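Notes for the one structure printed next.
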Amino acid sequence: MPDPAETAQRAATIAVLVENEAGILARVVGLFSGRGYNIESLTVAPVDEAKRISRITIVTSGTEMVIEQIKAQLDRLVPVHKVADLTLEGPHVAREMALIKVVGRGENRLEALRLADAFRARVVDATTESFVFEMTGSGDKLDAFIALMRPLGLAEVSRTGVVAIARGPRSIHS
Amino acid sequence: MSATPAPAAADARLMTGAEIVLRALKEQGVEVIFGYPGGAVLPLYDALFQQNAIRHVLVRHEQAAVHAAEGYARSTGKVGVVLVTSGPGATNAVTGLVDALMDSVPVVCLTGQVPTHLIGNDAFQEADTTGITRPATKHNYLVKDIRRLAATVHEAFYVARSGRPGPVVIDLPKDILIGKGPYTDPPAEPHRSYRPQTEPDAEAIRRAVALLKRAERPVVYAGGGVINSGPEASRLLTEFVRMTGMPCTTTLMALGAFPASDPQFLGMLGMHGLYEANLAMHGCDVMLNVGARFDDRVTGSLAHFSPGSRKIHADIDPSSINKNVKVDVAIVGDAKRVLAALIEAWKADPTPQDKAALTRWWRQIDEWRARDCLRYRQEGRIIKPQHAVKRLYEITKELGRDTIITTEVGQHQMWAAQFFGFERPNRWLTSGGLGTMGYGLPAAVGAQIAHPDALVIDIAGEASILMNIQEMGTLAQYRLPVKVFVLNNEYMGMVRQWQELLHGGRYSESYSAALPDFVKLAESFGAVGLRAETADDLDRVIREMLAADRAVIADIHVDKEENCFPMIPSGAPHNQMILGRDEEGGAAGVTDEGKVLV
Ligand SMILES: Cc1cc2nc3c(=O)[nH]c(=O)nc-3n(C[C@H](O)[C@H](O)[C@H](O)COP(=O)(O)OP(=O)(O)OC[C@H]3O[C@@H](n4cnc5c(N)ncnc54)[C@H](O)[C@@H]3O)c2cc1C
Ligand SMILES: Cc1ncc(C[n+]2csc(CCOP(=O)(O)OP(=O)(O)O)c2C)c(N)n1
Ligand SMILES: [Mg+2]
């Protein structure tokens, strides 16, 4: 009988500090595809221009052993400074932003606006027949809002993927 | 830096990119480069021509350049260096790079590239070398700014040799090689992001020793990491095993890390490992793994691997730990530091060892040994391949020369591992992880270049040797007296064995048809060609081969249908080993799950 602790899957949000250099994203993505790991979401942007550091946030899932492997594999890439498992290390805030275009007239249009208000989505562009909503929140919240927009004229969605950071005074640099 | 230098002085300090590369190589202690020229690297070849500090060895194929660098690196502990041109030069090198990656061999490979302004234009002999080699290397670089050139070369050497060693590619656009820039010394400060842990955690060491002291049936399982760590690690391993009285087995990659003649040596473990080694792994209660990676060729069925043991794993690469096998104590560190710390902690821990239990354990092991799992019968005229290797070993031992063995891949490789004894590290060069046919001859080139006075022998199969046979030309050009000892069974024997055991004896495409006349082939390259067709010829041919002052191909005609045993069929547990033909029924029991494994 396989030990359930060894087969149970969990999600992990992993933050990676890397040298901001050509090819780094290809190294990370190549690692995931080459070794058959899941990527549910991946975001990257420079966070310290002076020190040439970028931060990558990866949402993945796997058994505990696979997630340990993913972290160890990331950590041994030469341009990687630091790998933190935000899911494991304690409470963290995870946010995603989406731009959501809804096209329509009449009652649907009003309903979309009312729901946007309830979800605290902002209108960042409007015409007589369309809205672009900007919304920030957990992935679940975005999913729920997008599902509601579908019958109301959902035309297009652009999402950033998850960014995350630990709660409290603890820092990835410490 | 003080005042801005006058322009003329500044200019005088500028060098061409090619000169910068060579100066950085010299600074890194490079004595020899294995390479092959082409348009994109002509500036480097020009600079090489105008100096004498670094020797260039011209191979006949870029794959061979990398294997030669591996042979050089594995036999010396230094970084092997390769120089190839862009496009086909770089793509030909890829197999060698992956081989070095899998076996953790430190190599720096310089590849030419089209000039920076042409990159991405499908220029002549352009290939996306950094893209292609990203998963084939430990790390790679494309140099786009000559001011970073020297620093990149220094960094490449640091990355190749530190932590878990591996191959590093530096892609060099031609305009960078021709342009002028400053040379910079290796940096004094540590690397910004890559700082592998070499010193083991004291608490982990203490926990390991606590387990080992209380062990009743311990086993030490040493791997290639002990070789990577340098000869001191092998010395410390031997010291530790002897002071604790424990049995020791090694992987294919670690032969020589522990003296083969030591009574505590159980031999190699794994798929073609010894019965006693595998059963000791299966039955132990505490396992100490130093620098081995629980490879599938070693563990067999993971679900049944050493079920009753507490496992300690020491490895410099955290990604090797808990990858395949979950362990109880993880020690991250360099093997020699780990072993030194274990020895110290063992002495410091007052817990007495259970000597009675250890004696019982050895009695059990001796019973397993008594099965004499490597026995074979050499009778009649047909040479048994095992006998050929055994005689080669015995006769070279009589000679007492420093001997380095390389191999190709297949049955002959396994027989070499089983029947040739190694007392010291760095004398056994084989392609383990990738299993690259064609590795042995170029690796022998590299080893012989590094050790001109050593006896270097490639134990080969007739199929594998043809994969890099062109290196006979390199042997001729540099008068390298490498001996190629071909166990010629007229089959891709390892393939034939699997077909016999797992595919109903349907020998699909595994017969080595249309073989060359190896004697004439040797002679055409200025080497000596010898042939042994019967058991009576064997010793004479071996002696003639060893006495020759030139390269030799000895074509040893061996039993065509001999299988390599013991064998743990893919996916089977350690205690379901097949010991010989009489037992081949055992392989009929291979499950479909086992059949999908390689
Ligand atoms: C036809 C064929 C049959 C084979 N059959 C067998 C067989 O029966 N038995 C067998 O053993 N192999 C066999 N192999 C080889 C097998 O495929 C693997 O290559 C081999 O088992 C791996 O050896 P290793 O575990 O020692 O690891 P290596 O590949 O040598 O890896 C070294 C490990 O040590 C670590 N390390 C590196 N440097 C250091 C350091 N300084 N300090 C500490 N750790 C370090 C690395 O991180 C890595 O985890 C066979 C290969 C072929 C081609
Ligand atoms: C480059 C490459 N291609 C294919 C294989 C698969 N393979 C493994 S062993 C083997 C046969 C080797 O035959 P030979 O060199 O005659 O050795 P023998 O097994 O007969 O001793 C083959 C084809 C390989 N390991 N490497
Ligand atoms: Mg053969």
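The values are calculated or read from the model by the stated rules, or taken from the named source; none is laboratory data. These numbers come from a predicted model, not from an experiment. Using ideal geometry, Cβ is built from the backbone for each residue, glycine included, and neighbour counts are taken over all protein chains shown. The accessibility values were calculated without ligands, DNA or RNA, using every heavy atom of the protein model including side chains. Shrake-Rupley method; radii C 1.70, N 1.55, O 1.52, S 1.80 Å.
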The ratio Rg/Rh over the Cα atoms of the stretch B:305-346, Rh being the Kirkwood inverse mean 1/r radius, stands at 1.01
Long-range share for the stretch B:8-181, i.e. C-alpha pairs more than 23 Å apart as a percent of all pairs, stands at 31
In terms of the charge dipole of the stretch B:126-215, which places +1 on Lys and Arg and -1 on Asp and Glu at the beta carbon, the residue among B:162, B:140, B:198 farthest towards the positive end is B:198
D (µm²/s, integer) via Stokes-Einstein for the stretch B:141-282, Kirkwood Rh across alpha-carbon pairs, 25 °C, 0.890 mPa s: value 132
Per its Cα gyration tensor (rounded if a/c is under 1.5, else prolate when a/b beats b/c, else oblate), the stretch B:400-476 is best filed as oblate
At R0 = 56 Å the Cβ-Cβ FRET efficiency linking residue B:372 and residue B:128, nearest 0.05, sits at 0.55
Inter-part gap, Cα centre of the stretch B:320-366 to Cα centre of the stretch A:1-65, in whole angstrom, is 34
Note: the stretch B:385-557, point scatterers on Cα, Debye, no solvent; log10 I/I(0) at q = 0.10, 0.13, 0.16, 0.19 Å⁻¹ equals -0.34, -0.58, -0.89, -1.27
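For the stretch B:486-598, what Kirkwood radius comes out of the mean inverse Cα-Cα distance, in Å?
On the way: mean 1/r = 0.0613 Å⁻¹.
One decimal place: 16.3 Å for the Kirkwood radius.
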At the level of C-alpha centres, the distance separating the stretch A:71-131 and the stretch B:35-85, in angstrom, is 52
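Given the convex hull of the Cα atoms of the stretch B:202-369, what is a quarter of its surface area in nm²?
Details: hull surface 33.1 nm².
The number I arrive at for the stretch B:202-369 is 8.3 nm².
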Mean 1/r over distinct Cα pairs of the stretch B:277-377, inverted to a Kirkwood Rh in Å, yields 15.5
Excluding residues fewer than 8 positions from residue B:138 in its own chain, the lysines with Cα under 17 Å of it are A:71, B:78
P(r) over all Cα-Cα pairs of the protein assembly as shown, 10 Å bins from 0 to the longest distance, whole percent per bin, short to long, reads 3, 12, 20, 22, 19, 12, 7, 3, 1, 0, 0
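Sort the following peptides by mean Cβ neighbour count (other Cβ atoms within 10 Å, averaged over residues), highest first: B:574-580, B:16-22. Show your work: numbers first, answer last.
Working: B:574-580: 19.4, B:16-22: 23.4.
Highest to lowest by the protection proxy: B:16-22, B:574-580.
Average projected area of the Cα convex hull of the stretch A:4-90, in nm²?
Numbers: hull surface 22.3 nm².
The number I arrive at for the stretch A:4-90 is 5.6 nm².
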Heavy-atom accessible area of residue A:171, protein chains in place, probe 1.4 angstrom, given in Å² to nearest 10, is 50
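Restricting to bridges with both residues inside chain B, how much of the DSSP beta-bridge set is antiparallel, in percent to the nearest 5? Can you show the working numbers first?
Working: 5 of 71 bridges.
Close to 5 percent.
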For residue B:197 and residue B:515, extending 7 Å from Cα along the Cα-Cβ vector and measuring point to point gives, in nm, a value of 5.2
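Semi-axes, largest first, in whole Å: what does sqrt of 5 times each Cα gyration tensor eigenvalue give for the stretch B:521-563?
Values: eigenvalues 86, 32, 10 Å².
Working through the eigenvalues yields semi-axes of 21, 13, 7 Å.
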Here the percent of antiparallel bridges among DSSP beta bridges lying wholly in the protein assembly as shown, to the nearest 5, is 45
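Evaluate Rg over Rh across chain A, taking Cα atoms for both radii and Kirkwood's formula for Rh. Show your work: numbers first, answer last.
Values: Rg = 19.2 Å, Rh = 18.1 Å.
Result for chain A is an Rg/Rh of 1.06.
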Given unit charges at Cβ for Lys, Arg (+) and Asp, Glu (-), the dipole magnitude of the stretch B:243-332 about its Cα centre in debye, nearest 20, is 180
Once the dipole of the stretch B:385-557 is set up from charges on Cβ (+1 Lys and Arg, -1 Asp and Glu), the residue from the list B:436, B:485, B:499 lying farthest towards its positive end is B:436
Computed on Cα atoms only, the convex hull of the stretch B:95-195 has an orientation-averaged projected area in nm² of 6.7
In Å, the C-alpha Rg and Dmax of chain B are 25.1, 85
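What average count of beta carbons from other chains do you get within 10 Å of the Cβ of residues in B:133-141?
Details: counts 0, 6, 7, 0, 0, 3, 6, 3, 4.
Per residue, the number of nearby Cβ atoms from other chains is 3 on average.
Treat the stretch B:497-552 as a sphere of radius equal to its Kirkwood radius over Cα pairs and apply Stokes-Einstein at 20 °C in a medium of 1.002 mPa s; give the translational diffusion coefficient in µm²/s, rounded to a whole number.
Working: Rh = 13.8 Å.
In µm²/s, the coefficient rounds to 155.
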With +1 on the Cβ of every Lys and Arg and -1 on the Cβ of every Asp and Glu, the dipole magnitude of the stretch B:188-264 about its Cα centre, in debye rounded to the nearest 20, is 200
Scoring the stretch B:385-557 by relative contact order with C-alpha pairs under 8 Å, at least six apart, yields a percentage of 21
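Report the relative contact order of chain B, percent, no decimals, based on alpha-carbon pairs under 8 angstrom and at least 6 residues apart. Working shown, then result.
Values: 1334 pairs, mean separation 80.3, N = 598.
Rounded, it is 13 percent for chain B.
Test of understanding: what is the full-extension gain from residue A:10 to residue A:157, defined as 0.36 nm times their sequence separation minus their Cα-Cα distance? The partial results should precede the final answer.
Numbers: separation 147, 0.36 × 147 = 52.92 nm, distance 2.73 nm.
Length gained between residue A:10 and residue A:157: 50.2 nm.
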Taking only C-alpha positions in the stretch A:63-142, Rg and Dmax in angstrom work out to 19.8, 57
Interface residues of the stretch B:189-215, defined as losing at least 10 Å² of accessible area versus the chain alone with a 1.4 Å probe, are B:192, B:193, B:194
Expressed in angstrom and rounded, the centroid-to-centroid distance over alpha carbons for the stretch B:516-589 and the stretch A:133-173 is 65
With the dipole of the protein assembly as shown defined by +1 on each Lys or Arg Cβ and -1 on each Asp or Glu Cβ, the option from B:469, B:35, A:69 whose Cα lies farthest towards the positive pole is A:69
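Beyond 22 Å, what share of the Cα-Cα pairs of the stretch B:176-259 is found? Please give it as a whole percent.
On the way: 1697 of 3486 pairs.
More than 22 Å apart: 49 percent of the Cα pairs in the stretch B:176-259.
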For the stretch B:463-598 the mean separation of alpha carbon contacts under 8 Å (6+ apart) over residue count, i.e. relative contact order in percent, is 27
Over chain B, the sum of -39500 (n - 2.57) across DSSP H runs of at least four, divided by residue number and rounded to 500 deg cm²/dmol, gives at 222 nm -11500 deg cm²/dmol
